[in-house]
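**Student:** Dropping a structure here in structure tokens format, bear with me for questions.
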Amino acid sequence: MRNILQCNCGPKFAPVASLLLRVVVGVIFLVHGWQKLQGGIPGTAGFLGTLGFPAPEFFAVLLIAAEVIGGALLIIGLLTHWAAKILAIVSIVALVTVHLGKGFFVSGGGYEFILLLLVASLSVMAMGGGKWSVDAHLKK
């Protein structure tokens, strides 16, 4: 008799799960980076300056590039490990400098969302691009 708690769907749906996680994380970072780009580098640099970042203009450009380019790379699954690693670093910095002090769930920006993005980025980094990625096709 089959145990009701067992599920054999893992191997069947793993490629879909990998694709969905990678694309959704990529879209979220791409959109957030695009919003910063549309707001202008000076606006992002000003915000980073209030957090005490040295050379806030430089870090604003790095942040926007990481989110836009990294997000796009995740969406297509190219250089997936490295893009996810960079986005995980972005998430850690955002978690520590902006969100952690606000509490877990608060209206307007607790740390639950950035924590989820961090763990999702680390998961994508560990799993790679998956079956339906440019990385997988380049390995052939």
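The values are calculated or read from the model by the stated rules, or taken from the named source; none is laboratory data. Given the structure is predicted, the values throughout are model-derived calculations rather than measurements. The protein model used for the area step is the full one, side chains on, heavy atoms only, and it has no ligands, DNA or RNA in it. Shrake-Rupley method; radii C 1.70, N 1.55, O 1.52, S 1.80 Å.
**Student:** Given contacts defined as C-alpha pairs under 8 Å and at least six residues apart, what's the relative contact order of the chain, whole-number percent? Kindly include the intermediate steps, with their values, before the conclusion.
**Tutor:** On the way: 173 pairs, mean separation 38.8, N = 140.
This gives 28 percent for the chain.
**Student:** Using a 1.4 Å probe over the heavy atoms of the protein chains, calculate the carbon and sulfur portion of the accessible area of the stretch 4-98 as a whole percent. Present the calculation step by step, with values, prior to reporting the outcome.
**Tutor:** Values: 4230 of 5340 Å².
Using a 1.4 Å probe with all protein chains present, the stretch 4-98 comes out at 79 percent carbon and sulfur.
**Student:** Over the chain, how many pairs of lysines fall under 27 Å by alpha carbon, counting only those 8 or more apart in sequence or from different chains?
**Tutor:** 12
**Student:** Give the accessible surface of the stretch 6-140 per residue, rounded to a whole number of Å², with probe radius 1.4 Å and ligands, DNA and RNA excluded. All intermediate terms of the calculation are to be shown ahead of the outcome.
**Tutor:** Working: 7790 Å² over 135 residues.
Here the residues of the stretch 6-140 average 58 Å² of exposed surface.
**Student:** Give the separation of the Cα centroids, the stretch 1-76 to the stretch 123-140, in Å.
**Tutor:** Using only Cα atoms, the two centres lie 16 Å from each other.
**Student:** Working only with C-alpha atoms, what are the Rg and Dmax values of the chain, expressed in angstrom?
**Tutor:** According to the Cα coordinates of the chain, Rg and Dmax are 17.3, 64 Å.
**Student:** Okay, moving on. Three principal axis extents, largest first, for the C-alpha atoms of the stretch 1-61, in Å?
**Tutor:** 64, 22, 14
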